[in-house]
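Asks: Input: one structure, supplied below.
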Amino acid sequence: MMGMLAPVSASFTVIAVMLGARMENMITYTILYNIILAMTAPLVFSFVGHPAGITFWASAWMIIRRVAPIIVFPLAAALICQRFFPRMKKGIVRYRTIRAFP
């Protein structure tokens, strides 16, 4: 059950895109899944085990607080880079599929 409730790692998106997945789909999937997880995990844990004296909203906020920086900060950095540093963005896009093993 914990496998279904584990948050999607940000590195999963990077690896999937390097293997040929569409970046837009993977980013959308990652963000939506983590938001859905933050709302459903407290419900599931309250039905499965004993509540630890914490409310649903407090539990959801604790999950969002720990997962959001992993998702939001790289997304914000990418948007800032795209908007204010177009030359850097071109360089990153040009070398985004660097082969690790030649």
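The values are calculated or read from the model by the stated rules, or taken from the named source; none is laboratory data. Everything numeric in this text was worked out from a predicted model, so none of it was measured. For neighbour counting, all protein chains shown are included, and Cβ atoms are generated from backbone atoms with ideal geometry for every residue, glycine included.
Asks: When you scan segment 60-81, do you find a residue that is over 21 Å from residue 11 (Cβ atoms), part of a helix (DSSP H, G or I), under 22 Å from the mean Cα position of the chain (by Cα) and modelled with pLDDT under 80, even just one?
Replies: yes
Asks: Let me ask something else about it. Exactly one of (1) among the aliphatic types (A, V, I, L, M); (2) in a loop (DSSP other than H, G, I, E, B); (3) touching a residue at least 24 places away in the same chain (Cβ under 8 Å) is unmet by residue 54. Its number?
Replies: Exception for residue 54: condition (3).
Asks: If only one of 58, 77 is surrounded by 10 or more Cβ atoms within 10 Å (Cβ to Cβ), more than 25 Å from residue 28 (Cβ to Cβ) and out of contact with any Phe, Trp or Tyr (no Cβ under 7 Å at 6 or more places or on another chain), which one is it?
Replies: Numbers: 77 fails: more than 25 Å from residue 28 (Cβ to Cβ).
Unique residue meeting the criteria: 58.
Asks: Is it fair to say residue 8 is assigned to a loop (DSSP other than H, G, I, E, B), at pLDDT below 80 and among the aliphatic types (A, V, I, L, M)?
Replies: Working: assigned to a loop (DSSP other than H, G, I, E, B): yes; at pLDDT below 80: yes; among the aliphatic types (A, V, I, L, M): yes.
So residue 8 passes the test.
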